[in-house]
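Where a number appears in this text, it was derived from the coordinates with a stated rule and is not lab data. All values derive from a computational prediction rather than experimental measurement. Using ideal geometry, Cβ is built from the backbone for each residue, glycine included, and neighbour counts are taken over all protein chains shown.
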Ligand code: BGC
């Protein structure tokens, strides 16, 4: 059914229009019954449906309907699997349709700047490319059902500390290349129906009041055509936010936002067209959902639960294994720790799902020969010495011990950050005691973000289940006994200590400002640039088999692609994740630009082809106002992780942009060198200087001196040349004029 939304808006009163720009309650939008505009519902998200019927809140306090709790994004990201994310999105979309929910408030896509951010478990990765690709796949899956996704929290919302007032101080290059990049990918590639603006300020302006962000970049540059909704309670000044491009304020509280909009129109402060546009964007989505031909199918909860188990298997990362895993069914194994009974499978706050069914690994006892002891308390508390000794004794006497460790609920949640990166000491101490008496000690982790592991060298295996959703216990059982292959890869670095992290000195800031002084060096980019040891690197994950890479080729013709052959050289079938990284000439680090999963039988080889987009070679320039390739020899790396690079190749690329230059007396010789229009003239001038200082013969100067002279000259501004007595002030002025003419001609040619 084709609606004439503009005609509908022309029939609305000012109050009705202003009213549509905020909710009816916590989760619903207002209806305008006389015009046939229905009230639709939005719900959290992102890894399950948190639809509230009774008392509502956005902090995860009150109950919501029972729903399938899929792996949280921390876990889903470890799958490195777009197909899986699309499938998860597809199930979420189906559940939304069944429950009459028009927009699911997710995915949450903020970058893990520090391992301490309280909401990291809801976010995908420290890497924007991985985040964007996986979130995009999830969005496509959700929207297949004509249910909207909501990419959140836009943008640079990387901490919980003072999240509603603090300003993320971040330079433009870093913002574009790291913190906006994933949003750019999803808006361009997956077209989410909505975007949620974040609570925080960016460089002093609230994200929800930033015209640059919400209108110029999001809509103008990336082509976003949905509505922007505020995070719940994020609006600071309703009129400013409307002008910036924020369409919908949520939740409803006392109607003052609507009144302010209407008053601003009446007083002439706000152009009514701005309001009309916001209403149009909201109604477009309302009717896209309402008029959809998608059937309201009832979904099969058992089927979705089974899919949640399958997903949890694909999200687990085998971080270490000396061969103890997989275990044999029937062998006597000691399971230690209360997470074996009731796993920790999701985090706290607005994403908290009322899960359909949760089983612990201990419930999967069929055919297993298990003994059990608590060893520590589920909330991190230490038990009595007798209890601890009992656990150690049981662990010692068995063939192997599996300790189900992890962060207690209160350690990671929306609303506050972690203060350290440690597991409760009760757990660390127990792991060390057991590892000292049982060589086959396996640690299973239930965590939403990295922890320090002082015992990592002492245990035989570490299996990170992350917060794998309601299927995590069943998945752990399958992985431990080898019924499933571990295929996950770390979507974030695990540093050895908190002090090693890139923003250690600046996180979370003084409450007013959080200065992103590490720039683009986030996560593995930083550890690589500094050549630092990490506990487990980005991209790391073991398998029960082995792989080899060979025959890497790069094709520079359109599309850019890398091909290589992967062979399963081990004794079991397995799945490899090929990761492609690129480093630009003179760049201190590399970055992920492509990945692909491939399943191989024993001895099987397959060719993998990974297409790269232009951004693989580009960087953002504020001066140019766009992404560009600066040209030169780029290195392409193919690896099993960011630290296990198997093959590298060089590729020489042409520049596709030149940083604009306007010459004045403070322009340096180096800048003139970098620009193709001025380079020949400045080369000639330098050669002249060399000749002058060497008494007319350049050859008489040693090579060393020539190098020194050149290096010193590069850093000098034009105005300093007369002080070297190489050139007069008059000549400098003439040179400035001449260079600007050359630049003008160059720019005209480029147009
Ligand atoms: C969170 C959002 C969430 C909203 C509604 C806010 O506190 O930041 O992610 O969608 O509440 O529950």
Fill in: Check on residue 370, away from the ligand (no atom under 16 Å from the Cβ) and over 22 Å from the mean Cα position of the chain (by Cα)
yes
Worksheet item: Is one or more of the residues making up the stretch 153-170 surrounded by 24 or more Cβ atoms within 10 Å (Cβ to Cβ), more than 16 Å from the ligand (Cβ to nearest atom) and within 22 Å of residue 613 (Cβ to Cβ)?
Response: no
Discussion item. Among the numbered criteria (1) under 27 Å from residue 19 (Cα atoms); (2) within 18 Å of the chain's Cα centre (by Cα); (3) more than 16 Å from the ligand (Cβ to nearest atom), which one does residue 219 miss?
Written reply: (2)
Item to complete: Take the stretch 127-159 and flag every residue that is touching a residue at least 60 places away in the same chain (Cβ under 8 Å) and over 17 Å from the mean Cα position of the chain (by Cα).
Response: 145, 146, 147, 148
Discussion item. Tell me whether the stretch 79-91 contains one or more residues that are in contact with a strand residue (DSSP E or B) (Cβ under 8 Å, 6 or more places away or on another chain) and within 15 Å of the ligand (Cβ to nearest atom).
Written reply: no
Fill in: Scan of the stretch 525-547 for residues that are touching a strand residue (DSSP E or B) at 6+ places or on another chain (Cβ under 8 Å) and under 18 Å from residue 595 (Cβ atoms), ordered by number
525, 536, 537, 538, 539, 540, 541, 542, 543, 547
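Here is a yes/no grid of residues against (1) surrounded by fewer than 20 Cβ atoms within 10 Å (Cβ to Cβ); (2) without any contact (Cβ under 8 Å) to a residue 60 or more places away in the chain:
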residue: 340; (1), (2): no, no
residue: 344; (1), (2): no, no
residue: 357; (1), (2): yes, no
residue: 371; (1), (2): yes, yes
residue: 384; (1), (2): yes, yes
residue: 390; (1), (2): yes, yes
residue: 409; (1), (2): yes, no
residue: 423; (1), (2): no, yes
residue: 429; (1), (2): yes, yes
Discussion item. Here's a check for you: in the stretch 231-246, which residue that is more than 14 Å from residue 210 (Cβ to Cβ) and part of a loop (DSSP other than H, G, I, E, B) is farthest from the ligand (Cβ to nearest atom)?
Written reply: 233
Fill in: Within the stretch 635-649, tally of residues that are surrounded by 20 or more Cβ atoms within 10 Å (Cβ to Cβ) and in contact with a strand residue (DSSP E or B) (Cβ under 6 Å, 6 or more places away or on another chain)
4
Response to the item:
Within the stretch 213-230, the count of residues that are part of a loop (DSSP other than H, G, I, E, B) and crowded, with 24+ Cβ neighbours inside 10 Å comes to 2
Discussion item. Exactly one of these conditions fails for residue 120: (1) surrounded by fewer than 24 Cβ atoms within 10 Å (Cβ to Cβ); (2) more than 30 Å from residue 284 (Cα to Cα); (3) within 14 Å of the ligand (Cβ to nearest atom). Give me its number.
Written reply: (1)
Worksheet item: What is the one condition in (1) under 25 Å from the mean Cα position of the chain (by Cα); (2) within 16 Å of the ligand (Cβ to nearest atom); (3) under 25 Å from residue 287 (Cα atoms) that residue 224 does not satisfy?
Response: (2)
Discussion item. What's the number of the only condition in (1) within 28 Å of residue 522 (Cα to Cα); (2) surrounded by 15 or more Cβ atoms within 10 Å (Cβ to Cβ); (3) out of contact with any strand residue (DSSP E or B) (no Cβ under 6 Å at 6 or more places or on another chain) that residue 691 fails to meet?
Written reply: (1)
Worksheet item: Among 162, 176, which is the only one that is in contact (Cβ under 8 Å) with a residue 60 or more places away in the chain and at positive phi?
Response: 162
Fill in: Matching residues in the stretch 431-453 - criterion: being more than 21 Å from residue 315 (Cβ to Cβ) and either within 16 Å of the ligand (Cβ to nearest atom) or buried (at least 18 other Cβ atoms within 10 Å of the Cβ) (or both)
431, 433, 434, 435, 438, 440, 441, 452
Response to the item:
The correct count of residues that are within 24 Å of residue 293 (Cα to Cα), in a loop (DSSP other than H, G, I, E, B) and within 16 Å of the ligand (Cβ to nearest atom) in the stretch 1-35 is 1
Worksheet item: Can you tell me which residue in the stretch 186-199 is nearest to the ligand (Cβ to nearest atom), limited to those that are outside any loop (DSSP other than H, G, I, E, B), touching a residue at least 40 places away in the same chain (Cβ under 8 Å) and surrounded by fewer than 24 Cβ atoms within 10 Å (Cβ to Cβ)?
Response: 190
Discussion item. So, in the stretch 709-730, exactly how many residues are under 20 Å from residue 661 (Cβ atoms) and surrounded by fewer than 14 Cβ atoms within 10 Å (Cβ to Cβ)?
Written reply: 1
